[in-house]
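Student: Sharing a structure below in structure tokens format, with a few things to ask.
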Amino acid sequence: MTAEQFVPSDGDLAALAKAAAHCEGCELYRDATQTVFGHGNEHARYVLVGEQPGDQEDKRGLPFVGPAGALLDRALAEAGIDPAETYVTNAVKHFRWKSAPDRGKRRIHEKPGTTHINACRPWLLAELSRLRPKVIVLLGATAGQSLFGSGFRVGKSRGVPVDWQPPEGSGPGAKAVATVHPSAVLRAPDRDTAYAGLLADLRTCAELAGRLD
Ligand code: URA
Ligand code: SF4
């Protein structure tokens, strides 16, 4: 399973997004409403990578427009990161879900598996090769695993800039900084502490981008 054959080798971000709408690189396209491709400034200094679209993103076709997105927007503003300087995307571009146990209409988020992360990686690499950001913000383990392999954990490495090198021939590298996923902040028993951690990591990203200017 891979998106590889669906990814155009040339063309800009708009061309990628158009092609991604027809991706059948793994089975997730079957039960989702639409591909949710990345969105934002094509000259962004910061590329933020989430896990996968949620229920609202799936319906609207845009990343981070639900509750996690609202929290992320607030944290970015507090960290002094201008949304106009960002591009927001996900490691996996279709919503993976299961039915609620009560068999109602509610769709419950299901974490993407390693096969989905690997299948969808060519889209993320293609986006990064066009974007050439200074800083890649990895929101949670799934984003980290997409770019650094399945052993990646946020706990050990969060808030510490590391060099990311793309596969040969697909553009320059960037600094990557991992942090907690905004949804994890929303679920945390101590939300204030979790939020403060996210904010501190985003401030690190802002300082880093400033130094790289
Ligand atoms: N969570 C994500 O990881 N991505 C989104 O786009 C929304 C919620
Ligand atoms: Fe293609 Fe990614 Fe969707 Fe799978 S999740 S069908 S690889 S766009």
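The values are calculated or read from the model by the stated rules, or taken from the named source; none is laboratory data. Worth saying up front: this structure is predicted, and the values here are computed from it rather than measured. Glycine gets a Cβ as well: all are built from the backbone with ideal geometry, and neighbour counts include every protein chain shown. We work out accessible area using only protein heavy atoms, side chains counted, and drop any ligands, DNA or RNA first. Shrake-Rupley method; radii C 1.70, N 1.55, O 1.52, S 1.80 Å.
Student: About the Cα centre of the chain, what is the dipole size in debye to 20, counting +1 per Lys and Arg Cβ and -1 per Asp and Glu Cβ, all else neutral? Each step should come with its number before you reach the end.
Tutor: Values: 26 positive and 25 negative charges, 110 e Å.
Value, rounded to 20: 520 debye.
Student: Another question, then. Run lengths n ≥ 4 of DSSP H only: what is the helix-derived mean residue ellipticity at 222 nm for the chain, with -39500 (n - 2.57) per run over all residues, to the nearest 500?
Tutor: Mean residue ellipticity, 222 nm, calculated: -12000 deg cm²/dmol.
Student: Can you sort ARG203, ARG74, ARG30 by 1.4 Å-probe accessible area, starting with the largest?
Tutor: Numbers: ARG203 105, ARG74 130, ARG30 160 Å².
Result of the area sort, largest leading: ARG30, ARG74, ARG203.
Student: Provide the per residue accessible area, probe 1.4 Å, for the chain, rounded to a whole number of square angstrom.
Tutor: Ligands and nucleic acids excluded, the result is 49 Å² per residue.
Student: So, one more: Would you tally the net charge around THR193, using a Cβ to Cβ cut-off of less than 14 Å, leaving THR193 out, and scoring K and R as +1, D and E as -1?
Tutor: 0
Student: List the pair-distance distribution P(r) of region 170-209, using every Cα-Cα distance, as the percent of pairs falling in each 10 Å bin from 0 up to the bin containing the longest distance, rounded to whole percents.
Tutor: Over region 170-209, the share of Cα pairs per 10 Å bin runs 29, 41, 23, 7, 1 percent.
Student: What shape does the chain have by the C-alpha gyration tensor, where a ≥ b ≥ c are the square roots of the eigenvalues, rounded means a/c under 1.5, and otherwise prolate means a/b greater than b/c and oblate the rest?
Tutor: oblate
Student: OK, next. Translational diffusion coefficient, Stokes-Einstein: compute it for region 115-160 using the Kirkwood radius over C-alpha pairs as Rh, at 25 °C and 0.890 mPa s, and state it as an integer in µm² s⁻¹. Provide the component values of the computation, followed by the final result.
Tutor: Numbers: Rh = 11.3 Å.
This corresponds to a translational diffusion coefficient of 217 µm²/s.
Student: Quick check on the chain: of the DSSP beta bridges with both residues there, what percent are antiparallel, nearest 5%?
Tutor: 35 percent
Student: I've got another one for you. If you roll a 1.4 angstrom probe over the protein chains with everything in place, what fraction of the accessible area of the chain belongs to carbon and sulfur, to the nearest %?
Tutor: 50 percent
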